[in-house]
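**Q** Below is a structure I'd like to ask you about.
Laboratory data are not the source of any read-out in this text; all were calculated from the coordinates shown. Given the structure is predicted, the values throughout are model-derived calculations rather than measurements. Neighbour counts run over all protein chains shown; Cβ positions are idealised from the backbone, glycine included.
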Amino acid sequence: MNIVWTVLGIIGVYIYGVFLMGLGRKISARVQLRYGPPVYQNYIDILKLWTKKTNISHGIMFDLGPVFLLTGSIGTLLLIPIAATEQLMYFGFSGDIIVIMYLMVFGSLGFALAASQGANPFGIMGISRALTLLAAYELPFILGIVILMMDANSASLSNIISHQAGGYMNWYIFKQPLAAIPAFIALLGMMGKQPFDIPIAPQEIATGPMAEFGGKYLGMMMSSHAIFMTAKYILFVNLFLGGAGNPINMIFKVFLIWLFPLFVGLVYPRFKTSQAVRFFWGVPSLIGLIGLIIHWLR
Amino acid sequence: MIEKKKRNIFQIIDDWASARSLWLLMYCTGCGAIELPPTMTSRYDMERFGIAPAGTPRQADILLITGYLSIKTLKRVIRAYEQMQSPKYVIGLGSCTINGGMYWDSYNTIKMLDLYLPVDIWIAGCMPRPESVIGGLNKLSDIIKAGEANGWKKYNENLKWYRANQKKVIKKWDLPEFNY
Ligand code: SF4
């Protein structure tokens, strides 16, 4: 029975993620006073990419790149409880947060190899930018998570969720604001939306790492992006919004968090790489550090 | 004239999906570039038909050529076209791509784009307004949905003929024989 729930969960997250991508396009169109594409446009886009007749390959590593991305995103998703921890696909164990943080990097590292074999200069530029950005936002994110782990006195996601039980004032976003602020700012960088979309930057470096990928490769990358994006939102719901008792609750909470990077992205223009690094290692990291010291002294 | 083949259900779904999601690679030569920003942004908003700009040739479905092509730029266009993944379509925008337009007696531009690349649809005008650009894109979408936009098949079947034409105008040919 567990395996059925697992497959259903992955498919559900995939469908919801693609829906969110389409809804994001519609909302940003409305903000820019446009009519916008239909909300199901991204399903059509992915279907079209899968029906492409030719798909150019540059070698074995190039083929494996999208596979790495998909593996990384599904692996991350499997360790994150979607709803009430006992049923519904959960492979958690004590110390799983640390594994999750490793798996979140796995996809981009594997993809870096693939984009390098594509030998497109834009791809290599994009990869170097992506890895720099990764190093930048990991710091505030990890500082925020360390505070939570100290508070719950455990590195297991299910323990952190059960520590937030009983009323929304127990959620870590209210109980530990000095952990939530750096982590949510790091979320902006993770999502790759406007102020921090420096790795793809279509107008500057022609979608960066994806420059050489077309057809089915791109379809697979869009699919894994949908899963990965939703998995990260689910992780944040579990860390800061107290998890969810049932999938409907989770869908609603993910939607709430998802609005935050969307609206920030609609307002701000793009940072330069150096500015982004300085930004992440500045105020958010400082807030995280202060929170850590305060928590340690208590 | 390619006679109408019977399509099975999968091909119909394929054609429907490619007709509803068109990613543009804009090769902005000539005067046409200036009409495309209004086509994309709030005033005319082509995204409501699922038409979006693509970053690179690999990701694109449509090659939009907006105006005259000099012999030097023709080389780049051929290269970009052959890098695109099929099914792929070409749109000639403006009278310069149809018959030379007002560059008819110029010494270094080509006159008929169709001799060098298989054009699926032309949008006449000098310069076509955004309304007619969107109208042309919708027409192309209808043709794709009916399964009749077969320019890329024509190009693959008649590659020798196209190559001979291309080599006639490009004197210093230094492209690879076929780069896909
Ligand atoms: S068709 Fe007219 S507007 Fe377009 S490139 Fe030619 S001369 Fe310029």
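**Q** Explain nothing, just compute: Karplus ³J(HN,Hα) = 6.51 cos²θ - 1.76 cosθ + 1.60, θ = phi - 60°, for every residue of the range B:61-66 in order, whole Hz, x for Gly and Pro.
**A** 10, 10, 9, 9, 10, 9
**Q** Sequence neighbours fewer than 8 away in the same chain don't count; with that in mind, list the aspartates and glutamates whose C-alpha is under 12 Å from residue B:167.
**A** Partners found: B:177.
**Q** Still on this structure: Give me B:41, A:273 sorted ascending by neighbouring Cβ count inside 10 Å, so fewest comes first.
**A** Arranged by neighbour count, lowest to highest, B:41, A:273 become B:41, A:273.
**Q** Next up: Given Cα pairs under 8 Å that are at least 6 residues apart, what percent is the relative contact order of the range B:50-180?
**A** 25 percent
**Q** Right, another one. Hand me the trypsin sites (Lys or Arg not before Pro) from the range A:1-89 located in a DSSP loop with no more than 15 other Cβ atoms within 10 Å, in residue order please.
**A** Answer by residue number: A:53.
**Q** Let me ask something else. Most exposed first by the Cβ proxy, i.e. fewest other Cβ within 10 Å, how do A:19, A:93 rank?
**A** Listed from fewest to most nearby Cβ atoms, that is A:93, A:19.
**Q** By count of other Cβ within 10 Å, fewest leading, how are A:174, A:141 ordered? Numbers along the way, then the final one.
**A** Working: A:174 15, A:141 24.
Ascending Cβ contact count within 10 Å gives the list A:174, A:141.
**Q** Using the Karplus curve 6.51 cos²θ - 1.76 cosθ + 1.60 with θ = phi - 60°, what ³J(HN,Hα) values do you get for each residue of the range B:97-114, in whole Hz, with x for Gly and Pro?
**A** With the stated coefficients, the range B:97-114 comes to 7, 7, 9, x, x, 7, 9, 4, 9, 7, 7, 10, 10, 8, 9, 10, 5, 5 Hz.
**Q** Okay, moving on. Taking the alpha-carbon set of the range A:152-228, what are its Rg and Dmax in Å?
**A** Here Rg and the maximum Cα pair distance are 18.1, 50 Å.
**Q** List the extent of the Cα atoms of the range B:1-68 along each of their three principal axes, largest first, rounded to whole Å.
**A** Here the Cα extents, ordered largest to smallest, are 41, 28, 22 Å.
**Q** Between residue A:165 and residue A:94, 0.36 nm times their residue separation minus their Cα-Cα distance comes to what?
**A** Residue separation times 0.36 nm, minus the Cα-Cα distance, leaves 23.7 nm.
**Q** Using C-alpha positions alone, give me the convex hull volume of the range A:86-220 per residue in cubic angstrom.
**A** Per residue, the Cα convex hull of the range A:86-220 comes to 135 Å³.
**Q** Still on this structure: Taking the simple approach of a point 7 Å from Cα along Cα-to-Cβ for both residue A:294 and residue B:139, what is their distance in nm?
**A** It works out to 6.6 nm between the two label points.
**Q** Can you give me the Kirkwood hydrodynamic radius for the range A:2-297, using every pair of distinct Cα atoms, in Å to one decimal?
**A** 19.7 Å
**Q** Out of all DSSP beta bridges in the protein assembly as shown, what portion is antiparallel? Express it as a percent rounded to 5.
**A** Roughly 5 percent of the DSSP beta bridges within the protein assembly as shown come out antiparallel.
**Q** Something else: Counting only helical runs of four or more DSSP H residues, what would the 222 nm mean residue ellipticity of the protein assembly as shown come to if each run contributes -39,500 (n - 2.57) and the total is spread over all its residues?
**A** So the helix-based figure for the protein assembly as shown works out to -19000 deg cm²/dmol.
**Q** At what distance in angstrom do the alpha carbon centres of the range A:115-168 and the range B:19-79 lie from each other?
**A** 37 Å
**Q** Using a 7 Å offset from Cα along Cα-Cβ at residue B:156, what residues in the range B:67-96 end up with backbone N under 16 Å from the label point?
**A** Counting backbone N atoms under 16 Å from the label point, the list is B:81-90.
**Q** While we're here: What shape does the range A:186-298 take by its C-alpha gyration tensor, where a ≥ b ≥ c are the square roots of the eigenvalues and a/c under 1.5 counts as rounded, a/b above b/c as prolate, and the rest as oblate?
**A** Oblate, since a/c reaches 1.5 and b/c is not below a/b.
**Q** A further question on this structure: Just want to confirm a number: the relative contact order over the range A:45-133, from Cα pairs under 8 angstrom separated by 6+ residues, in percent. Please list the in-between numbers first.
**A** On the way: 70 pairs, mean separation 30.3, N = 89.
Relative contact order here is 34 percent.
**Q** In addition: For an R0 of 51 angstrom, estimate the FRET efficiency from the Cβ-Cβ distance between residue B:102 and residue A:135 and round to the nearest 0.05.
**A** 0.40
**Q** Pairing the Cα long axis of helix A:2-31 with the longest principal axis of chain A, what angle in degrees results, from 0 to 90 and rounded to the nearest 10?
**A** Helix A:2-31 sits at roughly 70 degrees to that axis.
**Q** Follow-up. Please give the length that would be gained between residue A:5 and residue A:270 if that part of the chain were fully extended, namely 0.36 nm times their separation in residues minus their C-alpha to C-alpha distance (nm, one decimal).
**A** Residue separation times 0.36 nm, minus the Cα-Cα distance, leaves 91.4 nm.
**Q** Still on this structure: If a/c stays under 1.5 just call it rounded; otherwise compare a/b with b/c (prolate if a/b is bigger, oblate if not). Do that for chain B, with a ≥ b ≥ c from the square roots of the Cα gyration tensor eigenvalues.
**A** Oblate shape, in that a/c is at least 1.5 and b/c is the bigger or equal ratio.
**Q** How high is the relative contact order of the range A:2-297, given as a whole-number percent (alpha carbon pairs under 8 Å, six or more residues apart)?
**A** Values: 444 pairs, mean separation 79.6, N = 296.
Relative CO of the range A:2-297 lands at 27 percent.
**Q** Moving on to the next point. Quote the FRET efficiency, to the nearest 0.05, computed for residue B:163 versus residue A:15 with a Förster distance R0 of 51 Å and r equal to the Cβ-Cβ distance. Before the final figure, lay out the partial values.
**A** Values: r = 46 Å, r/R0 = 0.89.
So the FRET efficiency works out to roughly 0.65.
**Q** R0 = 22 Å: FRET efficiency of residue B:79 with residue B:9, Cβ-based, nearest 0.05?
**A** 0.05
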